[in-house]
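Peer 1: Shown below is the structure under consideration.
The values are calculated or read from the model by the stated rules, or taken from the named source; none is laboratory data. A quick note: this is a predicted structure, and the numbers were derived from the prediction, not measured. Counting neighbours? That spans all protein chains shown, and the Cβs are built from the backbone with ideal geometry, glycine included.
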Amino acid sequence: MRSSAAHEERSRIKLRQLALEQAHEEEVLHTKLQHAQTMFGLKANLMRDLVDALIVQRVDAVQQSFEQVLTLYADQCRHYLSQQERYADAEIKATDPLERANLRARLTEIDLNLGNIRTDAASLYREMTKVVLMIGGGILLIPPQNRNALLLPRSA
């Protein structure tokens, strides 16, 4: 009987040892799982931030490019406007009918070029705004001097 009591005691100790080992293994696995979840969360946040940064940079780059193109159009408009003013003054001062006719023809050509530039710029502005909005940006903010030269509406 004594031997069976000792055997029982050894079995209980062995069971207790196995239970402790199992509990320890459970804790280790739980800790590993928590670590893996934390690392996954950190990596997911990093990727989300990277993607967000790339999108923001892309939107900024596209907006800057569009603004530069519209600035070129506005510069052309200002050039034609200064020529228009110069030729208009010259037409007023001209006394020779042939010279006046030549100046008027040049003014008409300038008006046509100016109108074409403004029409193209307005169309381009609408399309650019659509593109920027599609990729996650906002309404293009054109400097007032360019907006005025191109005759773009304020709410366009």
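Peer 1: Identify the single condition in (1) free of Cβ contacts under 8 Å to residues at least 40 places away in the same chain; (2) closer than 30 Å to D52 by Cα; (3) not in a helix (DSSP H, G or I) that L140 does not satisfy, given that it satisfies every other one.
Peer 2: The one condition L140 does not meet is (1).
Peer 1: Only residues that are surrounded by 14 or more Cβ atoms within 10 Å (Cβ to Cβ), assigned to a helix (DSSP H, G or I) and either of a type in the set (A, V, I, L, M, F, W, C) or touching a Gly at 6+ places or on another chain (Cβ under 6 Å) (or both): list them for the stretch 89-108, please.
Peer 2: Hits for the stretch 89-108 are A90, L103, L107.
Peer 1: Hey, another quick one. Can you find a residue in the stretch 118-126 that is more than 29 Å from F66 (Cα to Cα), basic (K, R) and either over 21 Å from the mean Cα position of the chain (by Cα) or part of a loop (DSSP other than H, G, I, E, B) (or both)?
Peer 2: Within the stretch 118-126, not a single residue is more than 29 Å from F66 (Cα to Cα), basic (K, R) and either over 21 Å from the mean Cα position of the chain (by Cα) or part of a loop (DSSP other than H, G, I, E, B) (or both).
Peer 1: L54 passes all but one of (1) surrounded by 13 or more Cβ atoms within 10 Å (Cβ to Cβ); (2) of a type in the set (A, V, I, L, M, F, W, C); (3) free of Cβ contacts under 8 Å to residues at least 40 places away in the same chain; which number fails?
Peer 2: Single failed check for L54: (1).
Peer 1: A follow-up question, please. Hey, L152 hits all of (1) more than 36 Å from the chain's Cα centre (by Cα); (2) of a type outside the set (D, E, K, R); (3) within 30 Å of I55 (Cα to Cα) but one; which does it fall short on?
Peer 2: For L152, the exception is condition (1).
Peer 1: Then there's this: Being closer than 11 Å to Q145 by Cα and surrounded by fewer than 20 Cβ atoms within 10 Å (Cβ to Cβ) is the filter; apply it to the stretch 65-81 and report the residue that is farthest from the chain's Cα centre (by Cα).
Peer 2: R78
Peer 1: Another one. Out of the stretch 25-64, which residues are among the small types (G, A, S) and more than 30 Å from the chain's Cα centre (by Cα)?
Peer 2: A36
Peer 1: While we're here: Among the candidates R2, R16, R10, single out the residue that is of a type in the set (D, E, K, R), over 30 Å from V131 (Cβ atoms), at pLDDT below 90 and out of contact with any His (no Cβ under 6 Å at 6 or more places or on another chain).
Peer 2: Testing whether each residue is of a type in the set (D, E, K, R), over 30 Å from V131 (Cβ atoms), at pLDDT below 90 and out of contact with any His (no Cβ under 6 Å at 6 or more places or on another chain) leaves just R2.
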